[in-house]
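Asks: Dropping the structure in here first, questions after.
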Amino acid sequence: MNYNDAAFLTERIPLGDKRALSRAITLVENEDPRALKIERDLYSLTGKAYRVGITGPPGAGKSTLVNVLAKEFKSRGNKVGIIAVDPTSPFTGGALLGDRIRMGAALADHEIFMRSMASRGGTGGLARTTTQVADVMDSFGFDVLIIETVGVGQLELDIAGAVDTTVVVLVPEAGGGVQAMKAGLIEIADIFAINKADRDGAEILKSELQDALSLMPAIKNGSWDLPVKLTVALEGRGVKELVDTVYKHKEHLEASGKFHKNRQSQAEIKIRDIVRAEIGKRLWMNPSLKSVLDSLSGFCVEGKIDPYSAARTFLQSAEAQR
Amino acid sequence: MDKIKVLVAKPGLDGHDRGAKVVARALRDAGMEVIYTGLRQTPEMVVEAALQEDVDFVALSILSGAHMTIFPRVLEKLREAGLDHVVLTGGGIIPPEDMDKLHQMGINKLFGPGTSLEEIVNYFKEEGAKKKVS
Amino acid sequence: MITSEEKSVVKTDLEKPAAKKSKQRKEFFRNSSGMDINNLYTQDDISGMDFEGEVGLPGQYPYTRGVHETMYRGRLWTMRQFSGFATPEDTNRRYHYLLKHGQMGLSVAFDMPTLMGYDSDHPFALGEVGRCGVAVDTLADMEVIFRGLPLDKISTSMTINGPSSIILAMYIAVAEKQGVAQEQLRGTLQNDILKEYIAQKEWIYPPKPSMKLIVDTIEYGTRHTPEWNTISISGYHIREAGATAVQELAFTLADGFAYVEAAMERGIDVDSFAPRLSFFFNSHNNFFEEIAKFRAARRIWAKRMKEKYGAKNPKSWMLRFHTQTAGCTLTAQQPENNIVRVAYQAMAAALGGTQSLHTNSMDETLALPTEKAVKISLRTQQILAHETGVTDTVDPLAGSYFVEAMTNKMEEECEKYFEKIAHYGGVIESIHNSFFQREIAQAAYTQQKLVDSKDEIIVGVNGFVDEEEETDIPLLRIDPEIENKKVRELKELKASRNQETLKEKLDAVTQAAKNDENTMYAILDAVRVYGSVGEIVDALKVVYGEYREPAVF
């Protein structure tokens, strides 16, 4: 029983040991050397969880929506996992993770597993390791994984590359369809949810969005008509319909072959990321290459060489070293 | 990158969360990752959150006088869940003699009214450093 | 008569030595609301104001100087000490004792489960039954509490909010059983749910249905219990949660106006309920800031009630309030010092013109107060009333440059908050947007930082500390057997009821909520057949749902 041992954790996670899962997530988050083995060994078990992303501006009620969505998925017989990302303070490195507050009763029965993640410098709405954490959770056997982005108002577009269905949550006062278009939200959305739809302006926003969508029919997914759903998460209204729509999108992805294609391009991104990291490690950790770099950068400052030529020279020395 | 992770929880019914929130912010400002559960938590909910979030500390804020019921209960549940490594601490209106009793049961340092944020932050830093080494 | 030229000479002369020659103790002098306090106040600071219109005379609009012409020369404030007893039997005994000793006003404190709408046998109630007040589950408990007490002769104040209409219904049902007409009932229900979302967190349903329930009680009150004060709008808890004085003032008054608007929307005439609204404020450490707060409160209320809401009855313009000294200023260190703090705070309340006052006991940071400590706190009020002479004239601080300038400033800052609240779309929307909660959390954090950096000194805590202090205060403890007994009795009573009738009455409560009718009548029917607080709350939750707190730090 050693929860600090990678082999032990990989053995326990498929057996449904929550504590092992929880610890493994910590190792992945910390980019601990042990995480590599865990991710590698568990990868064959991933791919079963359907991944739903929830993103949108601050104050849109994302956490509340995640709460009711999780309950709805669960009531349909799914094992549900949640990853909620909150911002890390760039000044202190600390973070206040408050997403559990909203979950209340859904967590009380212990059947929904929720993990809060601090963004730790990650941009684009996720932490750097969110995808890996999602993979580890996938291997635990969740049917549905809900991932909620930071929600501080910056561009949070990475979510689309990490999930199967992206739900963009807006509120009536969010500033209309044009805003959504500008923010790049239409490009990443598979479903729009207008939350707090009991307020004035919900129907207006809905038709604005639909107008905006009709102007750009070919943006993606061809045959998928981007649906705009109304919800009042606080009262659980519109949630069943939203989940139905997620399933419709899933069917669409599967029938059109896009499910496989998307997952393949996500896998490609993963491979690229790993290769990039690996190349970086090999290049920048090599002491003799470091001294080459030092002298080249010195020459740059003295004006003896430009950065482009310096880079070419550097790559040539790297080649020569192999 | 190992961060100190703290679960700040308000068990029981009392809604006086001023202290819990101020402490949560101070720990965040000291570079820690703080998970705040919100109000009205049962011991079972607190321990489940500690397990799912893999925290180093569970800090309870209790002002209702129910500390002699709640602290031992949370400790017991932590042990049942195999989370012996999690440090159980907290604060609130807890008379010194009760603090002694709770300490003997295995609950770590408790903070009474009027404690400075600096003292609290330092405690978490020191205890946290010990844990990260061991 | 001094000319303005002469005055400015005088002023600069006076300012010079303080500002330039001698170094001042601190770089900034600020009150809790973050207002800069000047070195000196002169007529210049209030020169622009219409003294007659803004300050006027006591007992006259806008009541800045108080709601009574003779104030404490006529009648002293009511010394009302709020206290909790664990069981209905103990509470009843205590009330008989108080009545025998001449007190006519009773005050009921409930335990936490009751306040949150949980029965004593609910899992959330574990360890909390009878801990900080009496546990009321059904009408049977209220019958015991008021056994042998003539409800037509006494006035009762009940501090409860979430399930307040259920408790009021139980009180009415007890009166029925005594043969007392409900028209004769006198007392006050706290019934202020807005401050629960803002500060105290004892909520049950979301804000909108909660407001509906409160308007139901107001409407019921205008029809059947005309002598009953249906709401006591409370700033006390807002302040305790960390708000500044001006935040307490602004948020509380905003809540008050929100109730007025909600009742008027229902079509209830403003003058039929506004005279029965009262307030409950906190009296904190900063002496003049507090006095200014109380004076400004009366003025703002009067102006808006008259001008904005068109109230015609002067009683609707008058802000009457109860005060409690600030519990959050009490220190666990050197607890005897708290006696002194309480005394100053009490004096601020008296100089601010309070109608009634609760003084805290020195040992309350540690647990429920002991009898000796309670007695000292009452004596503090008596000394203030009978020995200090501050009660001998009405509003003695009127005309003070500093106090009048501060009062104006309070009003100004308060108006700024009203604008912000309006910007969010009113009080309920501000709650949904966590505006109040954020403001208070920020103020609490800032204040704690000031204490940590010793910019703010708290004697015995971060200054003048006794290193070898041994606190030896005897603490009151509650016997855990009380809870077991209460749960046992409740289970027996629940089993003994006619289940069919009960279900019918509880369904009627749900139905009334669904049909958007006044729920008071169905609730009354349900309490008459011994439906419990928890059961009736659940019957309403079916329609209204539950509130969940926002994540705000």
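The values are calculated or read from the model by the stated rules, or taken from the named source; none is laboratory data. The shown structure was predicted, so the numbers you read here are calculated from the model rather than taken from an experiment. Cβ placement follows ideal geometry from the backbone for every residue including glycine, while neighbour counts extend to all protein chains displayed. What goes into the accessible areas is simple: the full protein's heavy atoms, side chains included, and nothing from ligands, DNA or RNA. Shrake-Rupley method; radii C 1.70, N 1.55, O 1.52, S 1.80 Å.
Asks: To the nearest 20 Debye, how big is the dipole of segment A:271-320 about its Cα centre, given +1 on the beta carbon of each Lys and Arg and -1 on that of each Asp and Glu? Spell out each step's value before the answer.
Replies: On the way: 7 positive and 6 negative charges, 30 e Å.
The calculation lands at about 140 debye.
Asks: Also: Against the longest principal axis of chain A, how steep is helix A:202-215, in degrees 0 to 90 to the nearest 10, with axes from Cα atoms?
Replies: 50 degrees
Asks: Along the principal axes of its C-alpha atoms, what lengths does chain B span, in descending order and rounded to whole Å?
Replies: 38, 33, 27
Asks: Please compute, for the alpha-carbon atoms of segment A:271-320, the extent along each of the three principal axes and give them in descending order in Å.
Replies: Answer, in whole Å and largest first: 38, 20, 18 Å.
Asks: Please compute, for peptide B:35-47, the average count of beta-carbon atoms on other protein chains lying within 10 Å of each residue's beta-carbon. Spell out each step's value before the answer.
Replies: On the way: counts 11, 10, 6, 11, 7, 7, 5, 4, 1, 4, 8, 0, 1.
Per residue, the average neighbour count from other chains is 6.
Asks: Taking the Cα centre of the protein assembly as shown as the origin and placing charges on Cβ (Lys, Arg +1; Asp, Glu -1), which of B:Gln52, C:Pro396, C:Val340 is farthest toward the positive end of the dipole?
Replies: It is B:Gln52, whose Cα lies furthest towards the positive end.
Asks: For C:Tyr521 and C:Leu450, what does the FRET efficiency come to when R0 = 35 Å and r is the distance between their Cβ atoms, rounded to the nearest 0.05?
Replies: Numbers: r = 52 Å, r/R0 = 1.48.
After rounding, the FRET efficiency stands at 0.10.
Asks: In addition: Report Rg(Cα)/(2.2 N^0.38 Å) for segment C:491-544, keeping two decimals.
Replies: Details: Rg = 10.6 Å, N = 54, 2.2 N^0.38 = 10.0 Å.
The value comes to 1.06.
Asks: Given H placed on each backbone N at 1.01 Å, which residues far from C:Leu106 in sequence or on other chains put an amide H within less than 5 Å of it?
Replies: Correct list: C:Ser155, C:Thr156, C:Ser157.
Asks: Please identify the helices of chain C, taking whole runs of DSSP H, that span at least 24 Å along their own axis as judged from the Cα atoms and have a mean Kyte-Doolittle score of 0.5 or higher.
Replies: Working: long enough: C:207-224 (25 Å, -0.59); C:245-265 (30 Å, 0.69); C:287-303 (25 Å, -0.27); C:401-424 (35 Å, -0.83); C:435-452 (26 Å, -0.44).
The qualifying helices are C:245-265.
Asks: Oh, and also: Could you give the spread of the C-alpha atoms of the protein assembly as shown along their three principal axes, from largest to smallest, in whole angstroms?
Replies: Dimensions of the protein assembly as shown along the principal axes of its Cα atoms: 101, 85, 66 Å.
Asks: Post the alpha-carbon centroid distance, segment A:225-302 to segment A:18-64, in whole angstrom.
Replies: Using only Cα atoms to place each centre, the spacing works out to 14 Å.
Asks: With runs of 4+ DSSP H residues as the only contributors, calculate the mean residue ellipticity of the protein assembly as shown at 222 nm using -39,500 (n - 2.57) per run, divided by the residue total and rounded to the nearest 500. Present the calculation step by step, with values, prior to reporting the outcome.
Replies: On the way: 40 runs with 486 residues, N = 1009.
Value at 222 nm, helices only: -15000 deg cm²/dmol.
Asks: Heavy-atom accessible surface, probe 1.4 Å, ligands and DNA/RNA ignored: which residues of segment C:109-147 lose at least 20 Å² versus the isolated chain?
Replies: Residues losing area: C:Met112, C:Met116, C:Tyr118, C:Phe124, C:Leu126, C:Gly127, C:Glu128, C:Arg131.
Asks: Relative to the longest principal Cα axis of chain A, at what angle does helix A:62-75 sit, 0 to 90 degrees, rounded to 10?
Replies: 70 degrees
Asks: Also, I was wondering about something else. Mind checking the angle between helix A:258-284 and chain A's longest principal axis? C-alpha axes, 0 to 90 degrees, to the nearest 10.
Replies: Once rounded, one gets 30 degrees.
Asks: Moving to a separate point now. Hey, what's chain C come to in accessible area per residue, 1.4 Å probe, Å²?
Replies: I get 42 Å² per residue for chain C.
Asks: What does the accessible area per residue of segment A:271-320 come to in Å², with a 1.4 Å probe and no ligands, DNA or RNA counted?
Replies: Values: 3900 Å² over 50 residues.
Accessible surface, normalised per residue, equals 78 Å².
Asks: In units of 2.2 N^0.38 Å, what is the alpha-carbon radius of gyration of segment A:46-256?
Replies: Values: Rg = 16.1 Å, N = 211, 2.2 N^0.38 = 16.8 Å.
Cα-based Rg divided by the globular estimate yields 0.96.
Asks: Ok, one more. Of C:Lys177, B:Lys5, which has the most accessible area and how do the rest follow, probe 1.4 Å?
Replies: On the way: C:Lys177 125, B:Lys5 5 Å².
Solvent-accessible surface, decreasing: C:Lys177, B:Lys5.
Asks: Over all residues in B:62-71, what is the mean tally of Cβ atoms on other chains that come within 10 Å of each residue's Cβ? List each step's numbers first, then the result.
Replies: On the way: counts 0, 1, 6, 12, 6, 1, 3, 6, 3, 0.
The mean count of partner-chain Cβ atoms within 10 Å per residue comes to 4.
Asks: Which entries of B:Lys10/C:Lys514; A:Lys74/A:Lys248; C:Lys416/C:Lys449; A:Lys71/A:Lys229; C:Lys208/C:Lys420; A:Lys74/C:Lys212 have Cα-Cα distances beyond 23 Å here?
Replies: Details: B:Lys10/C:Lys514 34 Å; A:Lys74/A:Lys248 17 Å; C:Lys416/C:Lys449 25 Å; A:Lys71/A:Lys229 18 Å; C:Lys208/C:Lys420 20 Å; A:Lys74/C:Lys212 33 Å.
As for pairs spanning more than 23 Å Cα to Cα, those are B:Lys10/C:Lys514; C:Lys416/C:Lys449; A:Lys74/C:Lys212.
Asks: Also, quick follow-up: So what is the orientation-averaged projected area of segment C:51-452, using the convex hull of its C-alpha atoms, in nm²?
Replies: 19.0 nm²
Asks: Once neighbouring chains are kept in place and the probe is 1.4 Å, which whole percent of the accessible area of the protein assembly as shown is contributed by carbon and sulfur? Kindly include the intermediate steps, with their values, before the conclusion.
Replies: Working: 22670 of 42900 Å².
Whole-percent figure for carbon plus sulfur exposure: 53.
Asks: Right, another one. How much accessible area does A:Asp211 have with a 1.4 Å probe, in Å² rounded to the nearest 10?
Replies: 100 Å²
Asks: Moving to a separate point now. Compute the accessible area per residue over segment A:46-256, keeping the other protein chains in place, probe 1.4 Å, unit Å². Walk me through the numbers before you get to the answer.
Replies: Details: 7550 Å² over 211 residues.
About 36 Å² of surface per residue is accessible.
Asks: Taking the Cα centre of the protein assembly as shown as origin, work out the dipole magnitude from +1 charges on Lys and Arg Cβ and -1 charges on Asp and Glu Cβ, in debye rounded to 20. Could the numbers behind the result be given before it?
Replies: Working: 121 positive and 140 negative charges, 201 e Å.
Around 960 debye, computed over the protein assembly as shown.
Asks: For peptide B:111-117, what's the mean number of Cβ atoms from other chains within 10 Å of each residue's Cβ?
Replies: The per-residue average across the peptide is 6.
Asks: Shifting gears a bit: Chain pair B, C: how much accessible area is buried, both chains summed, with a 1.4 Å probe, in Å² to 100? Intermediate results must be reported in sequence, preceding the final value.
Replies: Working: alone 7300 and 25270 Å², together 29520 Å².
Using a 1.4 Å probe, the pair buries roughly 3000 Å².
Asks: In vacuum, with every alpha carbon of segment C:29-127 counted as one equal point scatterer, what does the Debye formula give for log10 I(q)/I(0) at q = 0.16, 0.18, 0.19, 0.23 Å⁻¹? Two decimals, please.
Replies: Values returned for q = 0.16, 0.18, 0.19, 0.23 Å⁻¹ are -0.90, -0.97, -1.01, -1.18.
Asks: If you take the accessible area of A alone plus B alone and subtract the pair, what total do you get in square angstrom, rounded to 100, with a 1.4 Å probe? Don't skip to the answer; put the middle values down first.
Replies: Values: alone 16540 and 7300 Å², together 21410 Å².
For A against B, buried area totals roughly 2400 Å².
Asks: Provide the buried accessible surface between chains C and A in square angstrom, both chains summed, 1.4 Å probe, rounded to the nearest 100.
Replies: On the way: alone 25270 and 16540 Å², together 40940 Å².
Summing both sides, the interface buries roughly 900 Å².
Asks: Report, ordered by chain and residue number, the aspartates and glutamates lying within cross-link reach of C:Lys306, taken as a straight Cα distance under 12 Å and ignoring same-chain residues fewer than 8 apart.
Replies: C:Asp271
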